[in-house]
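Working notes for the structure below.
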Amino acid sequence: MSGYFDHIDPIKYEGKDSQNPLAFKYYDATKELMGKTMADHLRFAVCYWHNFCWDGFDVFGGGTFNRPWHGGDNDQAAAEAKLDAAFDFFDRLGNPFFCFHDIDVMAASETPKEHVENFHKILDKIEGKMDSSDVKLLWGTANMFSHPRYMSGASTNPNPDVAAFAALQVKEALEATHRLGGQGYVLWGGREGYDTILNTNVKQEMQQLGRFLTMVVEHKHKIGFDGDIWVEPKPHEPTKHQYDRDVGTIYGFLKEYGLENEVGVNIEPNHATLAGNSFEHEIEMANAFGMFGSIDFNRGDPQNGWDTDQFPNDLRETTMALYYILKGGGFKKGGANFDAKVRRQSIDAVDLFHGHIGAMDLLARSLENAVTMIENDQLQKMKDERYAGWASGLGADMLAGKTSLEDMAAACLKENKSPKPVSGHQELLENIVTQAAK
């Protein structure tokens, strides 16, 4: 078990001319850009679920990976074997953070008491691993979508006993995140929505969700957790319609329950595209609402209509993502978690490294591109010029609340001119981005 990754040496930076597939070509953790190292800018995290829990199964067939910790009883011994493999991988890859769901790391359980006991057993082991490793916890979360009890939702379930089980899981996972020094806590409402509206009381379910989220925030403050709380947007899959479909929807929901200053978002590009949005749209919406938290980097397949969770490989897209992240002030407590999985046919241990090395190099290149764009910020200059009229005169007075609708109408009549259309220069702007993504 401990020898599964023994044939792979620690991954090092060798520069872009290196021909070694097990070396970083662009990610130099210590390189400084805009006063911070690449490691501090990007805050890379490896997810536990796709890399160490998923065995390669899909809806059409069984698992293909045959990792030594897969198969057999999902007991404490199996959980500890998986933990050994995970930290061996972390130490070789050199990622500064990891992320997990509660059931990712623990032995299988059925009753509430068994869940708590098994979770606490493995937490002691995780803490020991972290004490002897440089890797830290970026965020934790609870899986409230896989077990059949959650087939109709967790906090939104018609049965309050299911919501109580969900509350137990979140309480334990939030306290574990606090104990392990996590930077944030994520809530992904995998089944917080409906499959058919015919049996759904939408108003009731949203009230349940709002109160549940409020209780999470209350407990965060009660235990003294100084990390952030993030909701992860997704429009559908597994449910037909989920209440946390995109950043804008979540902001409106948080405003309804007075949580807009307590809760942010953890954005995933594959979820953004499933909602019909671009990745950078979701980042900029989060920036605009002051709720940007963290990113689950991955990509979808444009030929598929579901969440494929592939490693990112689009330099232009990730360049723009890093541009908007930096423009918004960069990561604070969040980071770049790879919510991505190797393909079912990538069955070798080394394939896990290839996926992460490529993604980390891609984001390092994107970071350098974004920094270059900001140093000579043509996009911002053109944007400022486009909105210059709002900085003074009638536009400034309107935004400051110094004018009424009648005042605006009177000013229009007094000027008595039809405003001339001004080009948006979209092709020029697109060329600037294309030229920057190198």
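Could you look through segment 15-40, keep only residues that are open to solvent by less than 100 Å² (accessible area, probe 1.4 Å) and of a type in the set (Asp, Glu), and pick out the one that is nearest to the chain's Cα centre (by Cα)?
Restricting to residues being open to solvent by less than 100 Å² (accessible area, probe 1.4 Å) and of a type in the set (Asp, Glu), the top hit is Asp40.
State which residue pairs qualify: first residue under 24 Å from Asp6 (Cβ atoms) and touching a residue at least 40 places away in the same chain (Cβ under 8 Å) and inside segment 324-350, second residue open to solvent by 30 Å² or more (accessible area, probe 1.4 Å) and among the aliphatic types (A, V, I, L, M) in any location, beta carbons under 8 Å apart, and separation of 6 or more residues or different chains.
From segment 324-350, the pairs are Val350/Leu22.
What are the pairs with Cβ atoms under 6 angstrom where one residue, in segment 107-131, is in contact (Cβ under 8 Å) with a residue 12 or more places away in the chain and the other, located anywhere, is of a type in the set (Gly, Ala, Ser) and open to solvent by less than 70 Å² (accessible area, probe 1.4 Å)? Sequence gap at least six, or different chains.
Between residues of segment 107-131 that are in contact (Cβ under 8 Å) with a residue 12 or more places away in the chain and residues that are of a type in the set (Gly, Ala, Ser) and open to solvent by less than 70 Å² (accessible area, probe 1.4 Å), the close pairs are Ala107/Ala79; His115/Ser109; Asn118/Ala107; Asn118/Ser109; Ile122/Ala79; Leu123/Ala176.
Within the group Ala176, Ala154, Ala167, which residue is small (Gly, Ala, Ser), touching a Phe, Trp or Tyr at 6+ places or on another chain (Cβ under 8 Å), surrounded by fewer than 23 Cβ atoms within 10 Å (Cβ to Cβ) and in contact (Cβ under 8 Å) with a residue 24 or more places away in the chain?
Ala167
Being surrounded by fewer than 17 Cβ atoms within 10 Å (Cβ to Cβ) and in a helix (DSSP H, G or I) is the filter here, so list the residues in segment 189-205 that pass it.
Ile197, Leu198, Asn199, Val202, Lys203, Gln204
Enumerate the pairs (first residue in segment 222-237 and under 20 Å from Leu137 (Cβ atoms); second residue anywhere and modelled with pLDDT under 95) with beta-carbon separation below 7 Å, excluding pairs fewer than 6 apart on the same chain, so at least 6 apart or on different chains.
Going by the 7 Å Cβ cut-off, the qualifying pairs are Glu232/Trp188.
Exactly one condition in (1) open to solvent by 60 Å² or more (accessible area, probe 1.4 Å); (2) at pLDDT below 95; (3) of a type in the set (Asp, Glu) is false for Asp314; which is it?
The one condition Asp314 does not meet is (2).
Restricting to segment 220-233, what's the tally of residues that are open to solvent by less than 30 Å² (accessible area, probe 1.4 Å), charged (D, E, K, R) and part of a loop (DSSP other than H, G, I, E, B)?
Just the residues of segment 220-233 that are open to solvent by less than 30 Å² (accessible area, probe 1.4 Å), to begin with: 220, 225, 227, 229-233.
Filter once more, keeping what is charged (D, E, K, R): 220, 232.
With the extra rule that they be part of a loop (DSSP other than H, G, I, E, B), the set shrinks to 232.
Of the residues in that region, 1 qualify.
Residues Phe89, Phe145: which one is in contact (Cβ under 8 Å) with a residue 60 or more places away in the chain, under 26 Å from the mean Cα position of the chain (by Cα) and buried (at least 20 other Cβ atoms within 10 Å of the Cβ)?
Unique residue meeting the criteria: Phe89.
Within the set of pairs 6 or more residues apart or between chains, which connect a residue that is within 13 Å of Asn287 (Cα to Cα) inside segment 258-272 to a residue that is at pLDDT below 95 and not in a helix (DSSP H, G or I) with Cβ atoms less than 8 Å apart?
Qualifying pairs under 8 Å: Asn266/Trp188.
Name the residue that is farthest from Lys203 (Cα to Cα), counting only residues in segment 240-250 that are open to solvent by 10 Å² or more (accessible area, probe 1.4 Å) and not in a loop (DSSP other than H, G, I, E, B). Write out each step before concluding.
First, the residues of segment 240-250 that are open to solvent by 10 Å² or more (accessible area, probe 1.4 Å): 240-241, 243-246, 248-249.
After this cut, where a residue has to be not in a loop (DSSP other than H, G, I, E, B) as well, the list is 241, 248-249.
Details: His241: 14, Gly248: 19, Thr249: 15 Å.
In this case the residue turns out to be Gly248.
Every residue, every condition in (1) assigned to a strand (DSSP E or B); (2) in contact with a Leu (Cβ under 9 Å, 6 or more places away or on another chain); (3) closer than 27 Å to Ala173 by Cα, yes or no:
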site: Met215; (1), (2), (3): no, no, yes
site: Glu218; (1), (2), (3): no, no, yes
site: Pro235; (1), (2), (3): no, yes, yes
site: Pro238; (1), (2), (3): no, no, yes
site: Gly252; (1), (2), (3): no, no, yes
site: His281; (1), (2), (3): no, no, no
site: Pro302; (1), (2), (3): no, no, no
site: Gly305; (1), (2), (3): no, yes, no
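Just to check your reading of the model, which residue among Glu268, Glu262 is closer than 24 Å to Gly140 by Cβ and open to solvent by 60 Å² or more (accessible area, probe 1.4 Å)?
After ruling out the rest, the residue left standing is Glu262.
Scan segment 41-76 for residues that are outside any loop (DSSP other than H, G, I, E, B) and surrounded by 13 or more Cβ atoms within 10 Å (Cβ to Cβ) and report the count.
Number satisfying all stated conditions: 13.
Suppose we filter Gly401, Gly389, Gly395 for residues that are open to solvent by 40 Å² or more (accessible area, probe 1.4 Å), among the small types (Gly, Ala, Ser), part of a helix (DSSP H, G or I) and free of Cβ contacts under 8 Å to residues at least 60 places away in the same chain; which single one remains?
The conditions single out Gly389.
Residues in segment 287-294: is at least one over 28 Å from Ser366 (Cα atoms) and surrounded by fewer than 21 Cβ atoms within 10 Å (Cβ to Cβ)?
The answer is no; no qualifying residue exists.
Of the conditions (1) over 23 Å from Asn313 (Cα atoms); (2) surrounded by fewer than 22 Cβ atoms within 10 Å (Cβ to Cβ); (3) β-branched (Val, Ile, Thr), Thr273 clears all except one; give me its number.
Of the numbered conditions (1) over 23 Å from Asn313 (Cα atoms); (2) surrounded by fewer than 22 Cβ atoms within 10 Å (Cβ to Cβ); (3) β-branched (Val, Ile, Thr), the odd one out for Thr273 is (1).
Looking only at segment 410-428, which residues are open to solvent by 50 Å² or more (accessible area, probe 1.4 Å), in a helix (DSSP H, G or I) and of a type in the set (A, V, I, L, M)?
Start the filter on segment 410-428 by keeping residues that are open to solvent by 50 Å² or more (accessible area, probe 1.4 Å), which leaves 410, 412-423, 425-428.
Remaining after also requiring in a helix (DSSP H, G or I): 410, 412-415, 426-428.
Scanning segment 410-428 gives Ala410, Leu413, Leu428.
The values are calculated or read from the model by the stated rules, or taken from the named source; none is laboratory data. Please read all numbers here as calculations on a predicted model, not as lab measurements. Every residue, glycine as well, gets a Cβ built from its backbone with ideal geometry; the counts of neighbours run over all protein chains shown. Ligands, DNA and RNA are stripped out before the accessible areas are found, and what is left, the full protein with its side chains, is counted by its heavy atoms. Shrake-Rupley method; radii C 1.70, N 1.55, O 1.52, S 1.80 Å.
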